[in-house]
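Please treat every number below as a calculation from the coordinates, not as lab data. All figures in this text were calculated on a predicted structure; none of them were measured in a lab. Glycine also receives a Cβ, built like all others from the backbone with ideal geometry; neighbour counts cover every protein chain displayed.
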Amino acid sequence: MLACFTLISCEKSKVRSLTEMRQDERKRIKSFIASKGFKVKEAEREQKDFVPGILYHFDNDLYMEVLDKGGAKAVPQKTHVFMRIRGYALDSSEPVIFDSLSKGKYQPIEFIYIDVYRDGPLHFQPLPPAAGFNLNRYMCEGLAFPMSLLGDGARVRLIVPFSIGPEFTSRSGIPIYFDEVEYTF
């Protein structure tokens, strides 16, 4: 009986709290930003102008560098957005790179741009994937948020915290770096 209790007790200690996960995430992101030499600036609530080479930090903890602002703005509840992505998770293991920008076998991720508040801001309504290979598992608020500020043809670099990242990162607490995200509609 004592051995069973000890085994359960040891196993339970491996579970990290949300606070620990957030602290680890902040360390990972700070270290990554330093290693890449990014310059960070706090973003304004309705940021309109973006200086090239600056990684803007938003209230939702998203980091975004705008490579191209794009043109016409998305219309909430109407605009069908096609998104191509390239990046990797910021964990300590060898990075697994995902890429739908240069690898033609992947379909773009598709969503309807929305602007609603449900337990927090929400900027996407997922659409069923097209036939073929896709990277839809990466769809998240962190990828959709830039559409609230940018337009058709926009290209960005993102560091997405697990709190607004893909669903599969919420258990691991691992942020994701998107080297490039391209939005078209």
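Inside the range 97-121, residues that are part of a loop (DSSP other than H, G, I, E, B) and not β-branched (Val, Ile, Thr) make up a count of 10.
In the list Glu182, Glu141, which residue meets the criterion of being touching a Pro at 6+ places or on another chain (Cβ under 8 Å), farther than 21 Å from Phe32 by Cα, of a type in the set (D, E, K, R) and buried (at least 16 other Cβ atoms within 10 Å of the Cβ)? Full working, then the answer.
Working: Glu182 fails: touching a Pro at 6+ places or on another chain (Cβ under 8 Å).
Residue meeting the stated conditions: Glu141.
For the range 49-75, the tally of residues that are farther than 17 Å from Lys36 by Cα, surrounded by 15 or more Cβ atoms within 10 Å (Cβ to Cβ) and out of contact with any Ser or Thr (no Cβ under 9 Å at 6 or more places or on another chain) stands at 4.
Assessment of the range 164-177 against the conditions (under 21 Å from Val51 (Cβ atoms), part of a strand (DSSP E or B) and either hydroxyl-bearing (Ser, Thr, Tyr) or without any contact (Cβ under 8 Å) to a residue 60 or more places away in the chain (or both)) yields at least one matching residue. Pairs are defined by a Cβ separation below 7 Å, a sequence spacing of at least 6 or placement on different chains, a first member in the range 23-50 that is free of Cβ contacts under 8 Å to residues at least 24 places away in the same chain, and a second member that is of a type in the set (Val, Ile, Thr) and part of a helix (DSSP H, G or I); the pairs so defined are Val40/Ile33. How about the range 106-121: which of its residues are surrounded by 12 or more Cβ atoms within 10 Å (Cβ to Cβ), farther than 13 Å from Lys78 by Cβ and under 18 Å from the mean Cα position of the chain (by Cα)? Those that are surrounded by 12 or more Cβ atoms within 10 Å (Cβ to Cβ), farther than 13 Å from Lys78 by Cβ and under 18 Å from the mean Cα position of the chain (by Cα): Pro108, Ile109, Glu110, Pro121. The requirement of being of a type in the set (A, V, I, L, M, F, W, C), part of a strand (DSSP E or B) and more than 14 Å from Phe178 (Cα to Cα) is fulfilled somewhere in the range 127-142, by at least one residue.
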